[in-house]
Amino acid sequence: MVYIHPTHERVDPVNNLKKRQLDLSRHLSVEAKARLPNPIKAIWKVAQVKPGTINMGNGDPHHTLYPVCEMNFIVPSVSESDPVQAWRAGTGDQQIIASYKDEPCALSLRTALAYGAGAGLKHVRDALAELNDRIHAPPKHMVSLSLGNADALTKCYRLLGDPGDSFLCEEFTFSAMTNAALPLGIKWVPIRMDKDGLIPSDMEKILANWDETLQGKRPHVLYTIPCSQNPTGSTLSAERRRQIYDLAHEYDIIILEDDPYFFLQYDLDIQTTTIESYGYTRAMADVLPRSFLSMDYDGRVMRLDSFSKILAPGMRLGWVTCNDFFAEKLDMLTDSSSQHPHGLGQAFISELLGGEGWGIDGFMKWVSSLCREYQRRRDLFMDVFRREVESSGLASAETPKSGMFVWIKINVERHPRYRKSEKLDKPGAPVTNTADLMNELFRKLLDCGLVMMPASTFAIVDQTGRVPTDGHITDRVNFFRATFVGTDEVIEDGLKIFARGLEEFFCY
């Protein structure tokens, strides 16, 4: 674990008085409170303090018996003006970065391939702490490595949730992650959304009107995907983020900020003069959205980042940034479960972000170039969508500001078999046949050779007994999630199939 010392302050002066270490122990689960440190790992950590200590306590194979002495990675050179385009075209230079066991490098394979602590190796955490500091400039927080955001998030659930607890989330969200909490006995409380994401006033209404006698303990955790929310593609504005954080402060809520799409932002006004004077990291930091972490004077944000969307998903390497109290508890869980992330990935990231690799500024140049390519694909998707689909009046979509997804609204009320009941079977029950029609359309598109993710896959039904006053969520599942990250041919062909299937569906 490593402390991050911000280089500049982004918290308003009036909030400086609020900076204090809160007692956050009430948020820990019974499991987390009962967990003891891994005693072997505790001794290992002590042994790292004094250089030259002879360690005869661990069961590590000796490095002279590792069947590897060198690893070379061929990566694009970021000396190109547009490294992503040059890499795709095969016209750009390549760069070889290497990890060695017996020669100098950023992270020796002797260290990378040995047993380590759950938080990950210090060299990697230092590099990511510097990246965090230059992008978010958070108050004092710590960095721990993870096996990607799925690993990190499931551990956060175990850290914070007990059977019967209720957690807040967006009403449509990444179901693979919300499902992971269900076996722990955690119940989800959905917050209404609009085209701009989670609605703070609905979150406030839920918390203010919570009845612990009927609903159990009031929610103390919010799980949110603030940038390119999955599946809706919405990105929270700075104003909404501030309102949500203020509510978290008022109601003592821990924010799980799951942000794998943070770096994939579009239509950015990156200043060439800033790049020339200060580099890509500063130029990108000036225009990227402000994170919950950056405003976290309370220490109530656990931020989850990943290399999956900006390098490769099979990397299975990410990082969690949070206060030292939660970081220690998280590392104790990792030390006694999955153990530290794989050494090969840590070695690669160390060399990539090190002095002989891209460095942090080169990494941010790659990210900037990647944003331009994904923006091109987004724009192509939207152009084809407007030409082939939207012109029919049967569907519409907002242009996403970030990420990989377009949330396509189907105007299901125009279907000849659409029905809406004026009489409710019970309060809060569905009043339309939207879900049935959307299921038919999904199967129709599948028969046509196209897969899009139906909104019902991501819909969160309230399980706390709260009766919705604004309609059942199954009446609002008239959406598909589509991705624009495929090739130009996939985008063109896929949307033509979608348009044809949609028109055929609405004809009967």
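The values are calculated or read from the model by the stated rules, or taken from the named source; none is laboratory data. Not measured: the values here are computed from a predicted model. Every residue, glycine among them, receives a Cβ derived from its backbone with ideal geometry; neighbour counts consider all protein chains shown. Side chains are part of the model used for accessible areas, which takes the heavy atoms of the whole protein and leaves out ligands, DNA and RNA. Shrake-Rupley method; radii C 1.70, N 1.55, O 1.52, S 1.80 Å.
List of remarks:
- Placed amide H near V221: partners under 5 Å, 5+ positions off or other chain: L168, I254
- Amide H within-cut-off set for G486, under 5 Å, with H built and near neighbours excluded: none
- Ligands, DNA and RNA aside, D447 has an accessible area near 130 Å² when probed at 1.4 Å.
- For segment 300-423, the alpha-carbon radius of gyration amounts to 1.61 times the rule-of-thumb value 2.2 N^0.38 Å expected for a compact globular protein.
- Karplus-derived 3J(HN,Hα) values for segment 232-240, using 6.51 cos²θ - 1.76 cosθ + 1.60 with θ = phi - 60°, are 6, x, 6, 10, 5, 6, 4, 5, 5 Hz; glycine and proline are entered as x.
- Charge dipole (Cα centre; +1 on Lys/Arg Cβ, -1 on Asp/Glu Cβ; no other charges) of segment 298-403 amounts to roughly 440 debye.
- Spatial separation of Cα centroids for segment 174-224 and segment 288-342, in angstrom: 21
- Accessible area (Å², per residue) of segment 378-508, counting only protein heavy atoms and a probe of 1.4 Å: 50
- Mean separation of Cα pairs under 8 Å and 6 or more residues apart, divided by the residue count, gives the chain a relative contact order of 19 percent.
- Degrees, to the nearest 10: 324-335 long Cα axis against longest axis of the chain: 80
- Our Cα-only numbers for segment 370-507 put the radius of gyration and Dmax at 16.4, 52 Å.
- Remark on the chain: Rg and Dmax equal 24.4, 79 Å (Cα only).
- By DSSP, the beta bridges lying fully in the chain are antiparallel in about 70 percent of cases.
- Here segment 370-507 has 51 percent of its accessible surface on carbon and sulfur atoms, given a 1.4 Å probe and all protein chains in place.
- Once backbone amide H atoms are built at 1.01 Å from N, I191 has C169, E170, E171 as its partners under 5 Å, excluding neighbours fewer than 5 places away on the same chain.
- Annotation: per residue accessible area for segment 240-346 equals 30 Å², rounded to a whole number [probe 1.4 Å, protein chains only].
- Which of R300, R500, R414 is most accessible, then next, and so on - probe 1.4 Å: R414, R500, R300
- Restricting the calculation to Cα atoms, segment 113-325 shows an Rg/Rh of 0.97 when the hydrodynamic-style radius is the Kirkwood one.
- Accessible area of segment 151-271 belonging to carbon and sulfur atoms, whole % at 1.4 Å probe: 49
- Of all DSSP bridge pairs formed entirely within segment 197-328, close to 35 percent run antiparallel.
- Considering only M177, V221, A208, and ranking their Cα positions along the charge dipole of segment 156-251 that arises from unit charges at the beta-carbon of Lys, Arg, Asp and Glu, the one farthest toward the positive end is M177.
- Karplus-derived 3J(HN,Hα) values for segment 176-193, using 6.51 cos²θ - 1.76 cosθ + 1.60 with θ = phi - 60°, are 4, 7, 6, 4, 5, 8, 5, x, 7, x, 7, 9, 9, 10, x, 10, 4, 10 Hz; glycine and proline are entered as x.
- Relative contact order of segment 113-325, pairs being alpha-carbon contacts under 8 Å that are 6 or more residues apart, as %: 26
- Here the average projected area of the convex hull drawn through the C-alpha atoms of segment 454-508 stands at 5.7 nm².
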